[in-house]
Amino acid sequence: MTQTPDFTHRVATKEDIPELTTIMHASIGTLQDSFLTPEQVQASFELMGMDTQLIEDGTYYAIQCGNEIVGCGGWSRRETLYGANHTKGRNPRLLDPASEAARIRAMYTHPDWARRGIGRLIMDLCESKAREEGFQTCQLMATLSGEPLYKVCGYEPVVYEEVPTSLGVNVPLIKMEKSLV
C-alpha cells in the first residue's frame with residue numbers, strides 16, 4: 001500500500017515567487033507532453049505562468065510536503081480568467097459575487113508530485129474561499145492535461161478554444177464552470 005504524503009498549505013508570499021516560478025515552468029514543460037505537440041508546449045509559456053496579482057490579493061496558495069513547495073494554485077475575484085503577468089488581455093476589474101463567477105487560477109504541480117492529491121486540495125481551498133465571499137459559481141480555463149482533474153471535481157466544459165500565440169501556434173484550452181450551490 002502506497003502512503004499518501006501529508007500536505008500542508010499556506011497563502012503564498014512574494015518571497016515564494018522564485019520557487020513557484022520553477023514549479024510552474026517544470027509543470028508546463030513536462031505535464032503537457034502527452035497532450036500537446038512540442039511546439040504547443042513551448043507556446044504555452046506565452047499563455048501561462050506567474051500572476052503576481054493573485055499573490056497580492058492573498059488568494060494564491062503554496063502546497064507543501066514538509067518544507068518543500070510541491071504545488072501551487074489559487075482563485076481570483078478579478079475578471080482575468082487565465083494567464084501570467086505577461087499574457088495579453090488581462091483585466092483587474094473586481095467581479096460581482098452575486099452575478100459573476102470566481103476564477104480558479106494558475107494551478108501547477110511539480111511533475112515529481114503529480115497525481116497525489118495536490119490539485120484536489122487546491123480546488124477545495126479555492127472553492128471554499130470563493131463560497132465564503134459569496135460566489136455561487138467558479139470558472140477556469142483548463143489545459144488538456146488539467147481537464148480530467150477538473151471534470152472529476154465537478155466542472156463542465158463550456159467552450160473549447162484554440163488560443164493563438166505570437167509563435168504562430170495555437171494552444172487548445174477549455175473554459176469550464178461549476179456551480180458552488
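Please enumerate, by chain and number, the aspartates and glutamates with C-alpha under 18 Å from the C-alpha of LYS151, excluding those fewer than 8 residues away in the same chain.
Result set, ordered by chain and number: ASP124, GLU127, GLU161, GLU177.
Kirkwood hydrodynamic radius (Cα pairs, Å) of the range 7-157? Provide the component values of the computation, followed by the final result.
Working: mean 1/r = 0.0648 Å⁻¹.
Hydrodynamic radius (Kirkwood, Cα pairs) of the range 7-157 is 15.4 Å.
Considering amide H positions built from the backbone, and no H for Pro or chain starts, which residues 5 or more places from GLY71, or on another chain, come under 5 Å of its amide H?
Under 5 Å from the amide H of GLY71: ILE63, HIS110.
Based on alpha-carbon centroids, what's the gap between the range 16-37 and the range 139-178 in Å, whole number please?
Computed from Cα coordinates, the inter-centre distance equals 16 Å.
Exceeding 25 Å between C-alpha atoms, which entries from my cross-link table qualify? They are LYS14/LYS178; LYS88/LYS129; LYS129/LYS175.
On the way: LYS14/LYS178 30 Å; LYS88/LYS129 27 Å; LYS129/LYS175 21 Å.
Among LYS14/LYS178; LYS88/LYS129; LYS129/LYS175, the Cα-Cα distance tops 25 Å for LYS14/LYS178; LYS88/LYS129.
Read-outs throughout are calculated quantities, based only on the coordinates presented, and are distinct from any laboratory measurement. Quick caveat, the model's predicted, so the values are computed rather than measured.
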